[in-house]
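Undergrad: The following block contains the structure, expressed as structure tokens.
Rule-based calculations on the coordinates, nothing more; no lab input. Computed from a prediction, not measured in an experiment: that's the story for all the values here. All Cβ positions, even for glycine, are placed from backbone atoms using ideal geometry, and neighbour counts span all protein chains on display.
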């Protein structure tokens, strides 16, 4: 998450942390959430498939689950539920980084 946030800041042309604005932080956090949500969704899809095996072991490990999912459903199988994950994660990531920006500014200025 932080790596995509920093890459987003570079994409926005932020050269100096002192010139980084709240508006830029908001935009960078939106870009970061767009980048990270598909990755999180794929990981959660595998986690959920592993959890619902109900005693019958369909997959030996997470990589086996990933392989099976790609073979049977293709890459789009990893993106099942992406909209719901985005509705949950995007606002949270935006709030996270805006609060991070404000706290960092406060901490660097007053403490």
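Undergrad: Which of (1) closer than 20 Å to residue 76 by Cα; (2) out of contact with any helix residue (DSSP H, G or I) (no Cβ under 6 Å at 6 or more places or on another chain); (3) touching a residue at least 12 places away in the same chain (Cβ under 8 Å) is the odd one out, the single condition residue 37 does not satisfy?
TA: Of (1) closer than 20 Å to residue 76 by Cα; (2) out of contact with any helix residue (DSSP H, G or I) (no Cβ under 6 Å at 6 or more places or on another chain); (3) touching a residue at least 12 places away in the same chain (Cβ under 8 Å), only one is false for residue 37: (2).
Undergrad: Right, next: Give the stretch 1-34 a look and list any residue that's touching a residue at least 40 places away in the same chain (Cβ under 8 Å) and either in a helix (DSSP H, G or I) or out of contact with any helix residue (DSSP H, G or I) (no Cβ under 6 Å at 6 or more places or on another chain) (or both), or say none.
TA: 5, 20, 22, 25, 26, 28, 29, 30, 32, 33, 34
Undergrad: If we keep just the residues of the stretch 93-111 that are in contact with a helix residue (DSSP H, G or I) (Cβ under 9 Å, 6 or more places away or on another chain) and loosely packed, with under 12 Cβ neighbours inside 10 Å, which is farthest from residue 14 (Cα to Cα)?
TA: Just the residues of the stretch 93-111 that are in contact with a helix residue (DSSP H, G or I) (Cβ under 9 Å, 6 or more places away or on another chain), to begin with: 93-98, 100-102, 104-105, 108.
Subset that is loosely packed, with under 12 Cβ neighbours inside 10 Å: 95, 108.
On the way: 95: 20, 108: 18 Å.
Of everything passing the filter in the stretch 93-111, 95 is farthest from residue 14 (Cα to Cα).
Undergrad: Sort out which residues of the stretch 15-62 are over 20 Å from the mean Cα position of the chain (by Cα) and farther than 22 Å from residue 109 by Cα, and write them in order of number.
TA: Matches in the stretch 15-62: 50, 51, 52, 53, 54, 55, 56, 57, 58, 59, 60, 61.
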